[in-house]
Amino acid sequence: KQAEPKYIIGVSQCSEDIWRDWQNAEMRMEANFHEGVELRFTAAHDDSELQSKQIDSLVESGINLLIVAPNQLSSVSPAIDRAYDKGIPVIVFERKTDSRKYSAFVSADNYEMGHLMGEYIATQLGGKGQIMEVKGLKGSSPAEERYNGFHVALAAYPDIKVVAEIQGDWTEPTAYQAVKNWKGDMNSIDLVFGHNDRSAIGARKAFEERGAKLPMFCGIDALPGPDGGIQQVRDSLLDASYIYPTHGDQLLQLALDILDGKEYPRETLFTSALVTRDNATVLLLESDEVVRQAHNLIKLQKKAASYLEQLSTQRTISLLALVL
Ligand code: FRU
């Protein structure tokens with residue numbers, strides 16, 4: 001019989017996509033290093049109402065701590081507050097809540113990311129050009145912060161104009177459809193900035209389909225692995241991306257520190273870096289190596305688990321032999 005878990009941690013993800021898959025895998029792997037940690041994941045498919053219900057159910061199911069990426073700034077906050085008010089520690093990560101009811105907040109600096117992208121793009125365009133921006137989900141904090149940072153940076157370049165602001169929702173099909181529906185002249189666009197890589201790739205597909213002159217495409221996330229942004233930059237599908245760190249392992253470690261009553265920072269901001277054609281090949285090699293090592297580690301963890309299980313069965317058998 002499996003021992004009762006010491007800690008049950010609920011992870012409420014707002015979406016299901018490769019960025020979140022990656023992060024969940026990192027959390028799982030870290031959890032394997034600690035005894036008695038059970039993770040319960042939910043994914044809300046970009047639906048705030050569903051996410052609120054899922055949070056309530058997680059709380060109901062008896063979690064000891066909640067890790068949550070709220071779909072939007074305010075619509076999920078009442079559910080998070082309900083959890084917090086029940087005495088459950090809450091880590092808000094990556095997307096913000098407009099409530100103060102959380103134990104810790106962990107993210108990268110989305111405003112800074114938008115700002116750096118703006119500066120990079122202005123340099124790429126030589127200070128002059130027309131931009132299409134494909135925005136992330138309305139009311140979702142990274143979309144607002146990336147937008148603000150981007151526009152503040154571009155304000156220093158009067159000859160650069162954002163001529164199209166397309167409303168996306170972080171997903172590739174929506175970005176594709178919205179750009180496809182755009183009535184303006186695609187040939188007049190010099191660069192597309194997608195608030196994430198999937199939006200930039202969706203936009204690219206719409207341009208390709210229209211047979212328009214292909215502008216430059218920039219995004220954010222720069223995930224490792226096949227179909228990740230680093231590879232898309234290396235393969236020239238994207239001109240640049242920005243690493244949006246997942247760091248699921250550190251997130252889980254923070255959760256355990258909180259549960260163990262250790263000291264912890266109320267706010268953690270991860271630093272990050274731009275991916276361009278100049279460094280994409282090296283970054284891809286490095287990240288492939290990390291993925292390879294991670295797979296080795298998983299193999300090792302599985303082996304250790306089966307060995308321990310064998311050991312415990314043997315122990316039970318010897319005990320039974322003694323008793324009978
Ligand atoms: C993943 C994601 C990323 C994006 C982030 C914004 O769900 O859509 O692609 O950078 O969320 O919160």
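Only the coordinates and a few stated rules stand behind these numbers; no lab work does. No experiment lies behind these values; they were computed from the predicted model shown. When we count neighbours, we look across all protein chains shown, and the Cβ atoms used for this are built from the backbone with ideal geometry, even at glycine.
Quick notes on this structure:
- Positions within region 231-272 being more than 15 Å from the chain's Cα centre (by Cα) and aliphatic (A, V, I, L, M), in sequence order: Val233, Leu237, Leu238, Ala240, Leu254, Ala255, Leu256, Ile258, Leu259
- Members of region 164-196 that are among the small types (Gly, Ala, Ser), under 21 Å from Ser241 (Cβ atoms) and not in a helix (DSSP H, G or I): Ala164, Gly168, Gly194
- In region 133-166, the residue that is nearest to the ligand (Cβ to nearest atom) out of those that are of a type in the set (Asp, Glu) and farther than 20 Å from Ala203 by Cβ is Glu145.
- Taking region 89-132 as the range and being more than 16 Å from the ligand (Cβ to nearest atom) and of a type in the set (A, V, I, L, M, F, W, C) as the test, the residues that pass are Val90, Ala104, Ile121, Ala122, Leu125, Ile131, Met132.
- Sole exception among (1) in contact (Cβ under 8 Å) with a residue 40 or more places away in the chain; (2) in contact with a strand residue (DSSP E or B) (Cβ under 6 Å, 6 or more places away or on another chain) for Gln301, by number: (2)
- Scan of region 1-31 for residues that are crowded, with 17+ Cβ neighbours inside 10 Å, away from the ligand (no atom under 16 Å from the Cβ) and farther than 19 Å from Pro78 by Cβ, ordered by number: Tyr7, Ile8, Ile9, Arg28, Glu30, Ala31
- Residue identified as touching a residue at least 12 places away in the same chain (Cβ under 8 Å), surrounded by 13 or more Cβ atoms within 10 Å (Cβ to Cβ) and in contact with a Gly (Cβ under 8 Å, 6 or more places away or on another chain) among Ile230, Ile220: Ile220
- Flag if Lys205 is within 14 Å of Val134 (Cα to Cα), away from the ligand (no atom under 15 Å from the Cβ) and in contact with a helix residue (DSSP H, G or I) (Cβ under 6 Å, 6 or more places away or on another chain): yes
- Options Leu300, Leu259, Leu269, Leu311: the member that is surrounded by 12 or more Cβ atoms within 10 Å (Cβ to Cβ) and farther than 27 Å from Glu112 by Cα: Leu259
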